[in-house]
Amino acid sequence: MDKLFNPTTIALIGASEKEGSVGRAIMNNLLSSIDIKLFPVNIERKEVLGVKCYPNVSTIPVNIDLS
């Protein structure tokens, strides 16, 4: 349960740079947290808001606590 309530690594599926999108709002909120390592997932992008993006969760090179 600790990883659910206090994750240190998060995969954000549907991360986006599109203004007004849910993916961007969540990305902005998570980027403001210094205790979380964020891994955006978007098959169409190489990076989102300056953060390296992954095409799917299985390509992320670390264990993910929450996705």
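No lab work stands behind these numbers, since they all come straight from the coordinates. Just so it is clear, the structure is predicted and the values come from calculations on it, not from any experiment. Please note: Cβ atoms are built from the backbone with ideal geometry, for glycine as well, and neighbour counts cover all protein chains shown.
One table, with the values for the structure above:
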quantity: Relative contact order of the chain, defined on C-alpha pairs under 8 angstrom at six or more residues apart (%); calculated: 38 percent
quantity: Quotient of Cα Rg and 2.2 N^0.38 Å for the chain, N being how many residues it contains; calculated: 1.04
quantity: Packing-based ranking, highest mean first, of 40-49, 8-17, 24-33 given that Cβ atoms within 10 Å are counted; calculated: 8-17, 40-49, 24-33
quantity: Added length on full extension, which subtracts the Cα-Cα distance from 0.36 nm per residue, Asn6 to Leu66; calculated: 20.7 nm
quantity: Projected label distance in nm at Asn56 and Ile36, using a 7 Å step from Cα toward the beta-carbon; calculated: 2.4 nm
quantity: Unit charges on C-beta of K, R, D, E only; dipole of the chain, Debye; calculated: 140 debye
quantity: Among beta bridges that DSSP assigns inside the chain, antiparallel share in %, nearest 5; calculated: 20 percent
